Amino acid sequence: MSALKNRHVLVAGLVAPVLALMAYFGIDYLFGEKPHAAVAGQSYALVEKPDCRYGSGHCGLKNGDFELELRMEPAAAGRALLMLRSVVPLDGVKVGLAENGATSAEPAAMFAGDDEGLLWSLVLRRPDPQQDRLQLVAASRDALWFGDVATAFTQPESGAN
């Protein structure tokens, strides 16, 4: 007698994946971390998206509903224009360029590009995509959001791999 003709084996094969999915989502619902709104006076880390590691031309930072997008364009000799776009209004942004693997950088305030606080810009030294990192702090609704990203996204991708 074949195992596929045995109705108990067939029913178990159909029910087991359903029970596994129910257990997975049930445990997450009961014991998983619940999202909560940002609390004034607290600091929250931003996670860099994968596009920051490649010469994509832009870099995203995210924590829940809070998202920032960075773009860097060439400016005058040896300089670059860093542009930041936010999905929520920001009260202010400070950015530092940590050179050659340094752990900290001198911060500089970005300038608002609109009245809503969604667009920000700053001219800074052109980073070395292999070694430098951008460190930033954004203030929104009395909470601080901080991130540290590689500058590899500033290097244009070459067509030959």
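The values are calculated or read from the model by the stated rules, or taken from the named source; none is laboratory data. What you see is a predicted model, and the numbers here were worked out from it, not measured in a lab. Positions of Cβ are backbone-derived with ideal geometry, glycine not excepted, and every protein chain shown enters the neighbour counts. For accessibility, only protein heavy atoms count, side chains too; no ligands or nucleic acids. Shrake-Rupley method; radii C 1.70, N 1.55, O 1.52, S 1.80 Å.
Take the Cα of Leu118, step 7 Å toward its Cβ, do the same at Val87, and the gap between the two points is 1.3 nm.
Scan the chain and report its longest stretch carrying no GluC sites (Glu not before Pro) that are both in a DSSP loop and have at most 14 other Cβ atoms within 10 Å.
Working: sites that count: Glu33, Glu99, Glu116, Glu157.
The longest such stretch corresponds to 34-98.
The residues of segment 60-148 have, on average, 55 Å² of accessible surface per residue, using a 1.4 Å probe with all protein chains present. The length gained by stretching the chain between Asp128 and Glu99 to full extension, at 0.36 nm per residue less their Cα-Cα distance, is 9.7 nm. The three principal axes of the C-alpha atoms in the chain carry coordinate ranges of 80, 48, 30 Å, sorted with the longest axis first.
Nearest 10 degrees, 0 to 90: what angle lies between the long axis of helix 7-31 and the longest principal axis of the chain (Cα atoms)? Long axis of 7-31 versus the principal axis of the chain: about 40 degrees. Rounded to the nearest Hz, the phi-derived 3J(HN,Hα) couplings of segment 81-96 under the Karplus curve 6.51 cos²θ - 1.76 cosθ + 1.60 (θ = phi - 60°) are 9, 8, 10, 10, 10, 10, 8, 10, x, 10, 7, x, 9, 10, 10, x, where x marks glycine and proline. Using the Cβ-Cβ distance between Arg7 and Ile27 with R0 set to 45 Å, the FRET efficiency from 1/(1 + (r/R0)^6) comes to roughly 0.90.
With a Förster radius of 41 Å, plug the Cβ-Cβ distance of Ala77 and Arg141 into 1/(1 + (r/R0)^6) and report the FRET value to the nearest 0.05. Using R0 = 41 Å, I get an efficiency of 0.55. With only the Cα atoms considered, segment 17-96 has a convex hull volume of 154 Å³ per residue. Couplings for segment 137-153, taken from phi via the Karplus curve 6.51 cos²θ - 1.76 cosθ + 1.60 with θ = phi - 60°, read 9, 10, 9, 8, 6, 6, 10, 10, 10, 10, x, 9, 10, 6, 9, 4, 5 Hz in order; Gly and Pro are left as x. Pairs of lysines in the chain whose Cα atoms sit within less than 24 Å of one another amount to 5, provided the residues are eight or more positions apart or on different chains.
Sequentially through segment 54-62, phi angles give Karplus couplings (6.51, -1.76, 1.60; θ = phi - 60°) of 10, x, 7, x, 9, 9, x, 10, 8 Hz, Gly and Pro residues having no value and appearing as x.
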